[in-house]
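S.K.: Just dropping this structure here.
Taken together, the values in this text are just the output of simple stated rules run on the coordinates, not laboratory data. A quick note: this is a predicted structure, and the numbers were derived from the prediction, not measured. Ideal geometry is used to build each Cβ from the backbone, glycine not excepted, and the neighbour counts take in all protein chains shown.
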Amino acid sequence: MLALGVSSPPPSCSSHHVLASFTYLRISPSLSSSRASSFRGIRIGAGVRDATPVSSRGGAGGGRMVVRMAKREEEMKEIRAKTTEEINEEVIDLKGELLMLRLQKSARNEFKSSEFGRMRKRIARMLTVKREREVEEGINKRLSRKLDRKWKKSIVVRPPPSLRKKQEEQKAAEAEKSS
């Protein structure tokens, strides 16, 4: 039988350098167990970063984080500038592109795996802006889901932009051959 206890971090951790706190779980065998174990516990926590200031030279990875945040803010401004209809159309296109990526992956074709996360995050940002607008209009969560289901049923299936581009290129190549 095992006993489970929670303890504070050891004194070797300096608290002014760590932003996230950790919980240490100490699992110890009960008194009836005669076997000794070298396992003393596990450390649970996520998202730890040094609290070092962002330097202008880009030290400690700080410069890259600032650039990423600036790009994200710029992207959000770009999305907020669009109408809801434009957002809906782009979400449909991005979901189609995501499907094409999954097909490329299953066919073991060459693709950029980072595109999965990038597209999913872009879709999530667009849907977030769409939901923000609904909240501003006073649409509650239940009605929002009902409208979302209605919108999804009204979507006309069409090929994603990348596939349309390939199809147009093939048609152009066929037209050149016949000429």
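S.K.: Need the failing condition index for LYS130 against (1) closer than 27 Å to GLU73 by Cβ; (2) free of Cβ contacts under 8 Å to residues at least 40 places away in the same chain, just the number.
M.R.: With (1) closer than 27 Å to GLU73 by Cβ; (2) free of Cβ contacts under 8 Å to residues at least 40 places away in the same chain applied to LYS130, the lone miss is (2).
S.K.: I want to confirm something. Restricting to region 115-139 and keeping residues that are of a type in the set (Gly, Ala, Ser) and under 22 Å from LYS71 (Cα atoms), which single residue is surrounded by the fewest Cβ atoms within 10 Å (Cβ to Cβ)?
M.R.: We begin by selecting, within region 115-139, every residue of a type in the set (Gly, Ala, Ser); these are 117, 124, 138.
If we keep only those that are under 22 Å from LYS71 (Cα atoms) as well, we get 117, 124.
Details: GLY117: 9, ALA124: 11.
Taking the candidates together, the pick is GLY117.
S.K.: Which numbered condition trips up VAL156, out of (1) touching a residue at least 40 places away in the same chain (Cβ under 8 Å); (2) surrounded by fewer than 10 Cβ atoms within 10 Å (Cβ to Cβ); (3) of a type in the set (A, V, I, L, M)?
M.R.: The number of the failed condition is (1).
S.K.: Can you find, within region 96-114, the residue that is surrounded by the fewest Cβ atoms within 10 Å (Cβ to Cβ) among those that are within 19 Å of the chain's Cα centre (by Cα), closer than 25 Å to TRP151 by Cβ and without any contact (Cβ under 8 Å) to a residue 60 or more places away in the chain?
M.R.: Result: ARG102.
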